[in-house]
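Student: Starting off with a structure, shown below.
The values are calculated or read from the model by the stated rules, or taken from the named source; none is laboratory data. Computed from a prediction, not measured in an experiment: that's the story for all the values here. Quick reminder, even Gly has a Cβ in these numbers, built from the backbone with ideal geometry, and neighbours come from all protein chains shown. Remember, those area values only see protein heavy atoms, side chains included, never the ligands or the DNA or RNA. Shrake-Rupley method; radii C 1.70, N 1.55, O 1.52, S 1.80 Å.
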Amino acid sequence: MQSESRVVALVATGGTIAGTAARGDDLVGYDAGALSAEQLTAAVPALAGEALETWTLARLDSCDMDHATWALLRRELQSRLARPEVAGVVVTHGTDTLEETAWFLHRTLAAPKPVVLTAAMRPASAPSPDGPQNLLDAVRLAREPGARGVLVAFGGKVWAGGELRKLHGWQLDAFSAGDAGALALVEDGVFRRLRDWPAPELHRAPVGEVPPGAWPRVEIVTSHAGASGRIVDGLVADGVDGLVIAGTGNGTVHTALREAAARALAAGVAVVRASRCLAGGVVGTTDGALPHYGAATPAQARIELMLDLLARRT
Ligand code: SIN
């Protein structure tokens with residue numbers, strides 16, 4: 001007999017993990033999100049007979065992820081986590097914006113139980129897909145005693161949702177947590193923890209109350225050789241609420257962009273910086289420099305600034 005809190009609620013949102021190609025050996029030309037949550041679990045024999053509750057929330061290629069889907073996902077997860085019989089939840093997702101959804105949930109969803117995101121680099125129709133093993137690991141992690149927080153089960157490792165970044169466009173070992181490293185290793189179905197499960201770090205922004213279409217508009221601008229400030233001026237004229245400048249190195253910003261950022265700030269637009277480097281983020285502060293969110297990638301910093309702007313509205 002299943003113990004009381006053994007149900008795992010599994011939501012599918014699309015991605016390569018649910019992708020199918022016309023030809024089995026085609027690893028790049030496939031439809032992301034073609035399969036439903038039921039089809040995904042049916043492809044993993046080890047999940048047969050497990051107490052799973054599946055639903056298909058979206059069939060997105062995650063490059064098209066949007067704020068409305070995030071809000072819906074967060075609400076659905078909240079209601080399932082509140083049920084005593086639910087041990088944890090699993091979210092299947094595309095890899096391309098996994099670091100963004102993981103950050104959003106990490107900062108906005110109280111997760112005293114595991115909220116496990118998973119994905120795949122190869123479509124379900126591949127001769128050797130990576131999705132089924134990742135899904136199995138994710139379901140097991142959702143039932144792991146003591147586990148909590150927003151976690152990512154991928155490639156035999158467990159990552160903290162607030163630390164994830166995608167490093168590679170097509171290899172199987174596509175993720176990292178920068179200098180923080182993995183949270184745990186999956187060893188033959190057993191989780192060998194390297195660090196504590198992530199502590200809650202909830203943002204105070206009233207995310208549950210944002211009407212559709214009312215999210216602050218925050219754009220990312222990259223600093224590079226020969227940069228001009230015109231893109232920033234154009235965005236300000238177009239009514240942007242906030243800007244993240246993906247700076248070089250430790251968040252340094254081309255002089256022309258810095259000058260444009262000063263004009264944006266004077267016009268009431270919030271401006272922060274991040275680093276376009278793959279790891280390290282931005283450390284330290286310099287007089288007069290733009291603020292930053294430490295190790296957050298530019299895409300994560302965009303969400304963080306959106307949340308800050310939402311909090312300032314109240
Ligand atoms: C996606 O992000 O939806 C497509 C790519 C992937 O899942 O690897």
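Student: What ³J(HN,Hα) values, in whole Hz, does the Karplus curve 6.51 cos²θ - 1.76 cosθ + 1.60 give for region 62-73 when θ = phi - 60°, with x put for Gly and Pro?
Tutor: 5, 5, 9, 4, 9, 5, 5, 5, 4, 5, 5, 4
Student: Can you sort Arg23, Arg192 by solvent-accessible area, 1.4 Å probe, largest first? Before the final figure, lay out each step's value.
Tutor: Numbers: Arg23 135, Arg192 110 Å².
Ranking Arg23, Arg192 by accessible area, largest first, yields Arg23, Arg192.
Student: I would also like to ask the following. Taking 0.36 nm per residue of sequence separation and subtracting the Cα-Cα distance, how much length would be gained by fully extending the chain between Ala68 and Val283, in nm to one decimal? Before the final figure, lay out the partial values.
Tutor: Values: separation 215, 0.36 × 215 = 77.40 nm, distance 3.25 nm.
My answer for the length gained is 74.2 nm.
Student: Please find, in a Gaussian network model of the chain (springs between Cα atoms separated by less than 10 Å), the residue of Ala43, Ala87, Ala205 whose mean-square fluctuation is greatest.
Tutor: Maximum fluctuation in the GNM of the chain, among the listed residues, is at Ala43.
Student: Between Thr255 and Glu53, what length in nm is gained on full extension when 0.36 nm per residue of separation is reduced by their alpha carbon distance?
Tutor: Stretched out fully, the Thr255 to Glu53 stretch lengthens by 67.4 nm.
Student: To continue, here is another question. At 4 °C and 1.567 mPa s, grab the translational diffusion coefficient of the chain from Stokes-Einstein with a Kirkwood Rh over Cα pairs, rounded to a whole number in µm² per second.
Tutor: Diffusion coefficient, whole number: 64 µm²/s.
Student: A further question on this structure: Among DSSP beta bridges lying fully in the chain, give the percent that are antiparallel, nearest 5.
Tutor: Working: 15 of 47 bridges.
Bridges in the chain that DSSP calls antiparallel: roughly 30 percent.
Student: While we're on this one: Report in % the part of the accessible area of the chain that belongs to carbon and sulfur, leaving out ligands and nucleic acids; probe 1.4 Å.
Tutor: 52
Student: What is region 1-139 by shape, rounded, prolate or oblate, if you read a ≥ b ≥ c off the alpha carbon gyration tensor as root eigenvalues and call it rounded for a/c under 1.5, prolate for a/b larger than b/c, and oblate otherwise?
Tutor: Because a/c hits 1.5 or more and a/b fails to exceed b/c, region 1-139 counts as oblate.
Student: What percent does the relative contact order of the chain come to when contacts are Cα pairs within less than 8 Å and at least six residues apart? Can you show the working numbers first?
Tutor: Numbers: 693 pairs, mean separation 44.4, N = 314.
Computed over the chain, the figure is 14 percent.
Student: Under the rule of -39500 (n - 2.57) per DSSP H run of 4 or more residues, summed and divided by the residues of the chain, what mean residue ellipticity at 222 nm is obtained, to the nearest 500 deg cm²/dmol?
Tutor: Calculated mean residue ellipticity at 222 nm is -8000 deg cm²/dmol.
Student: Skip the ligands, DNA and RNA, and give the accessible area per residue of region 134-238 with a 1.4 Å probe, whole Å².
Tutor: 49
Student: Further, regarding this structure: Roughly speaking, what is the stretch gain from Gln39 to Trp170, that is 0.36 nm per residue apart minus the C-alpha to C-alpha distance, in nm to one decimal?
Tutor: On the way: separation 131, 0.36 × 131 = 47.16 nm, distance 2.37 nm.
Extra length from Gln39 to Trp170 when fully extended: 44.8 nm.
Student: Here's another thing I want to ask about it. Under a 5 Å amide H to amide H cut-off, with H placed in plane at 1.01 Å, what residues pair with Leu60 once short-range neighbours are removed?
Tutor: Gly14, Gly15
Student: Here's a follow-up. Using a Förster distance of 25 angstrom, determine the FRET efficiency expected from the C-beta separation of Thr314 and Arg75, and round it to 0.05.
Tutor: With a Förster radius of 25 Å, E is 0.85.
Student: What residue among Thr297, Thr252, Thr92 shows peak mean-square fluctuation when the chain is described by a Gaussian network model with Cα springs under 10 Å?
Tutor: Thr252
Student: Follow-up. For region 242-270 and region 149-194, what is the separation of their C-alpha centers, rounded to whole Å?
Tutor: Cα centroid of region 242-270 versus Cα centroid of region 149-194: 32 Å apart.
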